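The values are calculated or read from the model by the stated rules, or taken from the named source; none is laboratory data. As the structure is a prediction and not an experimental result, all values here were calculated from the model. Here Cβ is always computed from backbone atoms with ideal geometry, including for glycine, and neighbour counts include all displayed protein chains. Accessible surface is based on the protein model in full, side chains and every heavy atom, while ligands, DNA and RNA are left aside. Shrake-Rupley method; radii C 1.70, N 1.55, O 1.52, S 1.80 Å.
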Amino acid sequence: MRIPPFARYQRLLASFGLMVSGAIIGSAVYMSIHQHTYNQLYVQMHKYLEENADLRSDIENLNKTRNKQTLINVVNVYLLPKGQDAFISEDIQKEIEGDVKSELKLVIGQKAAYVRDSQPLYERLITQRTYVLHDKKYTVEVKSIVLIQTELTIWITAQEKKT
């Protein structure tokens, strides 16, 4: 029995290996592009869901206090970057803002004068609070609290807690 020489198939085997490695590299590039666009869609969807929930709660609160002008109608929370090296992704920023806003839901419907007099209480309620999001701990500090007519606006900073 005669065995065919291997030299006949050497170029065919090399081109087949090159084709397989090209397919693997191409699929890796395709998956990285797909994951990047999926992540962008997730962040955008999360932003729209947060905006939708905020608008629904604003409508509910405004309907509740429609004829009462001296009551707090809206609570706005804004997260400021603590430093240039402390980068927090946009979806985590929105989750922290939403958590702080949900804690301050008890302010809605209260008299503006009462809220103005008890601002240190609300500041202590939020300051040094630890939130656990995506297996990371974040501590929140209040920068400023502003009450303008029926709208309470709070600026906070968040920093990842190193454990």
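Laid out as a table, the results:
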| quantity | calculated |
| --- | --- |
| Any chance Lys101 is charged (D, E, K, R), buried (at least 17 other Cβ atoms within 10 Å of the Cβ) and either free of Cβ contacts under 8 Å to residues at least 40 places away in the same chain or out of contact with any Cys (no Cβ under 7 Å at 6 or more places or on another chain) (or both) | yes |
| Conditions (1) modelled with pLDDT under 85; (2) surrounded by 13 or more Cβ atoms within 10 Å (Cβ to Cβ): number failed by Arg66 | (2) |
| Residues being of a type outside the set (Asp, Glu) and open to solvent by less than 90 Å² (accessible area, probe 1.4 Å) - total across the stretch 37-62 | 12 |
| Filter result (open to solvent by less than 60 Å² (accessible area, probe 1.4 Å) and polar (S, T, N, Q)) within the stretch 131-163 | Thr139, Ser144, Thr150, Thr153, Thr157 |
| Selection status of Glu103, of a type in the set (Asp, Glu) and more than 23 Å from the chain's Cα centre (by Cα) | no |
| Test: residue in the stretch 112-132 that is of a type in the set (Phe, Trp, Tyr), under 18 Å from Val43 (Cβ atoms) and either modelled with pLDDT under 85 or over 14 Å from the mean Cα position of the chain (by Cα) (or both) | no |
| Only one of Ile108, Ile72, Ile88 that is closer than 22 Å to Tyr42 by Cα and either surrounded by 12 or more Cβ atoms within 10 Å (Cβ to Cβ) or of a type in the set (S, T, N, Q) (or both) | Ile88 |
| Options Ile88, Ile96: the member that is touching a residue at least 60 places away in the same chain (Cβ under 8 Å) and either assigned to a loop (DSSP other than H, G, I, E, B) or among the small types (Gly, Ala, Ser) (or both) | Ile88 |
| Pair list, Cβ under 8 Å, 6 or more apart: the stretch 116-138 residue in contact (Cβ under 8 Å) with a residue 24 or more places away in the chain and over 30 Å from Gln149 (Cα atoms), other residue open to solvent by less than 70 Å² (accessible area, probe 1.4 Å) and part of a loop (DSSP other than H, G, I, E, B) | Tyr138/Ile88 |
